[in-house]
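Comments concern the structure below.
The values are calculated or read from the model by the stated rules, or taken from the named source; none is laboratory data. If you're wondering where the values come from, they're calculated on a predicted model, not measured in any experiment. Glycine gets a Cβ as well: all are built from the backbone with ideal geometry, and neighbour counts include every protein chain shown. Note: accessible area is taken over every heavy atom of the protein model, side chains too, but ligands, DNA and RNA are not part of it. Shrake-Rupley method; radii C 1.70, N 1.55, O 1.52, S 1.80 Å.
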Amino acid sequence: MPGNVILVGFMGAGKSTCGRLLARRLGRCFVETDDMIVARDGRPIHEIFRLDGEETFRRLETEAVEALKLKSDDVIATGGGLPCREGRMEALRALGTVVWLRGDVGELLARARRSGQRPMLDGRSAAEIDALFRAREPYYAQAHLTVDTAGLTMDQVVQRIVSALRETHARV
Ligand code: S3P
């Protein structure tokens with residue numbers, strides 16, 4: 001099995017920030033599926049959503065997962081919705097060790113709204129976002145490892161990921 005470390009979790013979980021820090025700490029390359037999609041499509045994510053809709057974006061995510069099969073020892077941050085389709089978690093688990101950054105929905109949302117555009121949050125009520133979060137949890141829960149992030153700094157989260165990886169004898 002390839003030795004990638006794959007981060008999954010809801011928007012605002014800190015996948016990008018922690019992934020970048022983790023990659024530096026482990027001396028590995030860092031890859032983001034959202035960046036792969038933008039590089040390939042040529043448009044920012046919010047434009048893909050606005051002009052072509054969510055289903056087109058999800059198809060581009062499928063292509064990104066295919067392209068990840070070429071990676072072997074990277075740290076990979078996935079978009080929050082990427083694991084939440086039939087067969088996606090199996091595909092990610094085949095790429096290496098999958099880590100779920102699990103957080104409190106209120107904390108995640110506050111962070112997600114502070115940083116960058118998030119088309120999946122636009123026009124959705126708090127109840128709808130909560131429902132989305134609950135619907136996604138069973139997918140994230142299929143990760144090999146779960147790291148609770150509530151109340152932690154990003155550095156502390158990275159430390160927890162490293163410890164969790166060591167405990168599973170992953171190559172770190
Ligand atoms: C999405 C999350 C985003 C991005 C896109 C859709 C989602 O990534 O892939 O806007 O469906 O949750 P982040 O999790 O990095 O915000």
Every residue from segment 75-120 that is within 17 Å of LEU152 (Cα to Cα), surrounded by 15 or more Cβ atoms within 10 Å (Cβ to Cβ) and hydrophobic (A, V, I, L, M, F, W, C) = VAL99, TRP100, LEU101, VAL105, LEU108, LEU109, ALA112
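For segment 77-90, name all the residues that are among the hydrophobic types (A, V, I, L, M, F, W, C) and either more than 8 Å from the chain's Cα centre (by Cα) or part of a loop (DSSP other than H, G, I, E, B) (or both).
Our first condition is that a residue be among the hydrophobic types (A, V, I, L, M, F, W, C); within segment 77-90, this holds for 77, 82, 84, 89.
Matches in segment 77-90: LEU82, CYS84, MET89.
Would you confirm whether or not segment 80-95 contains a residue that is within 11 Å of the ligand (Cβ to nearest atom), of a type in the set (Gly, Ala, Ser) and under 23 Å from ASP35 (Cα atoms)? Break it down into steps so the answer makes sense when it comes.
Let us first name the residues in segment 80-95 that are within 11 Å of the ligand (Cβ to nearest atom), namely 80-85.
After this cut, where a residue has to be of a type in the set (Gly, Ala, Ser) as well, the list is 80-81.
Of the ones still in play, those that are also under 23 Å from ASP35 (Cα atoms) are 80-81.
Yes: one or more hits.
If you check ARG124, ARG136, ARG113, which single one turns out to be farther than 27 Å from LEU165 by Cα and in contact (Cβ under 8 Å) with a residue 40 or more places away in the chain?
On the way: ARG124 fails: in contact (Cβ under 8 Å) with a residue 40 or more places away in the chain; ARG136 fails: farther than 27 Å from LEU165 by Cα.
Just one listed residue meets the conditions, ARG113.
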Has segment 48-67 got any residue that is within 15 Å of the ligand (Cβ to nearest atom), within 25 Å of ARG160 (Cα to Cα) and in contact (Cβ under 8 Å) with a residue 24 or more places away in the chain?
-> no
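For segment 1-16, which residues satisfy the criterion of being in contact with a strand residue (DSSP E or B) (Cβ under 9 Å, 6 or more places away or on another chain) and either more than 15 Å from the ligand (Cβ to nearest atom) or under 19 Å from GLN117 (Cβ atoms) (or both)?
MET1, PRO2, GLY3, ASN4, VAL5, GLY9, PHE10, ALA13, GLY14, LYS15, SER16
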Identity of the residue in segment 23-35, within 15 Å of the ligand (Cβ to nearest atom) and farther than 15 Å from GLY81 by Cα, that ends up least open to solvent (accessible area, probe 1.4 Å) = VAL31
